[in-house]
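Structure first, then comments.
Any read-out appearing in this document is the output of simple, stated calculations on the displayed coordinates, not a laboratory observation. Quantities reported herein were computed from a predicted structural model and do not represent experimental measurements. Cβ sites come from the backbone with ideal geometry, for glycine too, and all protein chains shown count toward neighbours.
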Amino acid sequence: MCKSWHVIRLRMRTSNLWIPTLREDPSDNEIASYRLMIRAGFIRKLTSGIYSYLPLGLRVLFKIQQIVREEMDRAGAQEVLLPALQPSELWEETGRWQQYGKELVRLTDRHDRHFCLGPTHEEVVTDLIRKEALSYRSLPVTLYQIQTKFRDEIRPRFGLMRGREFIMKDAYSFDADMQGAQQRYKDMYDAYTRIFTRVGLRFRAVEADTGLIGGTSSHEFMVLADIGEEAIASCTACAYAANVEQACTVKPAEGPKTDLPLTKVMTPGVSSVDDVCAFLNCSPHEIVKTLIFVADGRPVVALVRGDHQVNEIKLRRQLGASELHLAGNAVIHEVTGGPSGFSGPVHLAEVEIIADDAVAAMPGCIVGANMGDTHYRHAVLGRDFMARCADIRNAVAGDPCPECGKPLDMDRGIEVGHVFMLGTKYSQAMRATFADAAGNDRPFCMGCYGIGVSRIMAASVEQNHDDAGVVWPVSIAPFMAHVIPVQDQSEAVMTEAVNIHQMLSQGKIETLLDDRSARAGVKFNDADLLGIPYQVIVSEKNLKQGVIEIKMRKTGERITVKKADVTAFFLKEMGGTDTVGA
RNA sequence: CGGGGUGUGGCGCAGCCCGGUAGCGCACCUGCUUUGGGAGCAGGGAGUCGGAGGUUCAAAUCCUCUCACCCCGACCA
């Protein structure tokens, strides 16, 4: 390679940027985004669920953060940086020191004081605000930060998707009344829509459960992907969409009940829904599953149709319980008098029974008889057993939409954002108040709003890649252009490549120059792996005709432009799309 | 936490069943040739075989314990 290329030292060259690409897939994970980001030298794993960002990965992260900042600022939020290390006292005030459980990373200092590494910052901001003696005149206030969060995941998985340490943008709004809080919620919802559009994700906002954060309502922003950990129900006809945890089911009309008498049948060794179906030659929707739960220490019986699944969040809400789990065999025997696998609601007194609405609509059903190897046929709700009816199951594909009645679809999604209407949950618990117009202290109406910044990076790769590598959307790509001199031994080619690199850089087009002394095939393959949107190919062949070649990473399409027109080409490409979407 | 799997130069793996003192591909270094889709030849450097203990004349290999990582599940923002 000619020595003269070393004379000009521009930073954005392969020789000055550490991009350790791997020829082979890492052995320790199957998910595309993890595999590709490791191979392309964006990230490295330190230990389970904890990652380092290498120069290229950091550039992508910065791009995402920049878009987030612009839209948060535009929505009137102000950036702050809150501590990651938080004293236990604050968490005890809201009761979450206990509630949060093992997910919270806890530590103790040398004085034996307790701390946690923040998984979220409601307590810290609320404390910050309450100390300031604010009046209604200075409201609303919305603060945000981009920070590393910690969560002691039971099982970190999917690379950056579910880590124990990750980067989040979180925002908190403080309003004088619910109306204002609702406006902030809407502003944030709109900002999130713009953010996810700009970073180039195909996403959907869905109604969601509020979980441990609490509050009155929330929406999740879901990136559609097969590997998504969440199931989303969305209407095939109207705009309704919700997390299955949250999606309401419609109570079916009750038909006539069967006149056939309750009949005992022997079902030796047959207890699962599938086995019972096969044995009695019936279908799952003729069976009722009886599940015994323990809710805040007391046993509860839940009934759902054989082809449905209990939704524990809905059930817990119905019971008004804070803690709910499936009962063990001992409790099952105590409650039903029979073995696990043959439970049923018939002759169960003294225990609360709650049936799904779909069970109420059945003319009669097959249920366990609370003794070994025995079931009942023709059990009728209201005649053979009593139960309170409610929506306690997960929606399934084909269920009618709660808004319009048309069938629901099921998709999988990755949660990249979540907005919560908190109301006064934290402000009341922590006595965070402001003076209203009459001079009285009133608790703030709050909202909180999170975006998984590092998760966006993974989700983006998940949605945008092919067999050869990553295909970054222009808005978050580490570079816009990747200049590839094909013959590194040719002085003419290298001179021209350096020229183009300089020209583009001066035109504010972020450009990476592959100045390695490597064979063309190596450079092309690495370029495809890195996924920079435009490859600018400089070769002897093209130079003879005074042109250079541009390959679009996404489509593989190649065009040639005159040397002098390269910058103009990019300015035109960028002008057309601004930074918004692709 | 339950089930399954894997730990051997930087990366990917073989060797383990049947003990005999570590090998392959890629990467790296040197030289020559080569040069539009992961080059060829020659030479070279690099491994506590995850860790501890045990059995044995001898352990990557057999036994016990332990740690880490991955997958499935349970759990959960």
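Points to keep in mind about this one:
- Placed amide H near residue A:389: partners under 5 Å, 5+ positions off or other chain: A:355
- Gain on full stretching of the segment that runs from residue A:216 to residue A:30 - 0.36 nm per residue minus C-alpha separation: 63.2 nm
- Cβ-to-Cβ counts within 10 Å put A:91, A:472, A:18, A:97 in ascending order as A:18, A:97, A:91, A:472, the fewest first.
- Neighbour cut-off at most 13 other Cβ (10 Å), DSSP loop, trypsin sites (Lys or Arg not before Pro), the stretch A:17-96: A:23
- Sequence-distant residues sharing a close amide H with residue A:424 (under 5 Å, placed H): A:446
- Whole-angstrom gap from the stretch A:280-322 to the stretch A:66-108, using each part's C-alpha centre: 35
- Simple spin-label estimate for residue A:66 and residue A:557 gives 2.5 nm between the two label positions (7 Å along the Cα-to-Cβ direction from each Cα).
- Each eigenvalue of the Cα gyration tensor of chain A, multiplied by 5 and square-rooted, gives one semi-axis; in descending order these are 54, 32, 22 Å.
- Around the Cα centre of chain A, unit charges on the Cβ atoms of Lys, Arg, Asp and Glu (plus for the first two, minus for the last two) sum to a dipole of about 1800 debye.
- Cα-based reach from residue A:406 at 17 Å (exclusive), listing aspartates and glutamates while leaving out same-chain residues under 8 positions away: none
- Cross-link reach list, aspartates and glutamates versus residue A:541, counting only Cα pairs under 16 Å and skipping chain neighbours closer than eight places: A:488, A:491, A:496, A:549
- Per-residue ellipticity at 222 nm computed for chain A from its helices equals -8000 deg cm²/dmol, with DSSP H segments shorter than 4 residues left out and the rest contributing -39,500 (n - 2.57).
- The HN-Hα couplings worked out from phi for the stretch A:124-139 by the Karplus form 6.51 cos²θ - 1.76 cosθ + 1.60 (θ = phi - 60°) are 5, 5, 4, 5, 4, 6, 5, 7, 9, 6, 7, 10, 4, 5, 8, 9 Hz, whole numbers, x standing for Gly and Pro.
- Rounded to the nearest whole Hz, the Karplus-based 3J(HN,Hα) values (6.51 cos²θ - 1.76 cosθ + 1.60, θ = phi - 60°) of the stretch A:554-569 follow the sequence 5, 9, x, 5, 10, 10, 10, 10, 5, 3, 5, 9, 4, 4, 4, 4, with x at glycine and proline.
- Degrees, to the nearest 10: A:55-74 long Cα axis against longest axis of chain A: 70
- For the stretch A:514-571: rounded, prolate or oblate by the Cα gyration tensor [a/c cutoff 1.5]: oblate
- Residues of the stretch A:306-330 with amide N under 12 Å of the 7 Å Cα→Cβ point at residue A:248: none
- A cut-off of 5 Å between modelled amide H atoms, ignoring neighbours fewer than 5 places along the same chain, links residue A:434 with A:442, A:444.
- Acute angle (nearest 10 degrees) that the helix A:520-530 long axis makes with the longest principal axis of chain A, alpha-carbon atoms: 40
- For the stretch A:455-582, the spread of Cα positions along each principal axis, largest first, Å: 43, 30, 22
- Taking the longest Cα principal axis of chain A as reference, the axis of helix A:491-506 is set at about 60 degrees.
- Beyond 23 Å in Cα-Cα separation lie the following of the pairs A:508/A:563; A:102/A:289; A:186/A:554; A:169/A:425; A:169/A:554; A:523/A:554: A:102/A:289; A:186/A:554; A:169/A:554.
- Per-residue HN-Hα couplings for the stretch A:422-428 [Karplus 6.51, -1.76, 1.60; θ = phi - 60°; Hz; x = Gly/Pro]: 8, x, 10, 3, 7, 5, 6
- Separation of the stretch A:419-442 and the stretch A:168-199, taken as the distance between their Cα centroids, equals 18 angstrom.
- Among the trypsin sites (Lys or Arg not before Pro) within the stretch A:107-160, those in coil by DSSP and having at most 16 neighbouring Cβ atoms inside 10 Å are A:110, A:113, A:131.
- Among the GluC sites (Glu not before Pro) in the stretch A:338-421, those located in a DSSP loop and surrounded by at most 10 other Cβ atoms within 10 Å of their own Cβ are A:350.
- Of all aspartates and glutamates in the structure, those lying under 14 Å Cα to Cα from residue A:251, and not within fewer than 8 positions of it along the same chain, are A:356, A:357, A:391, A:399, A:403.
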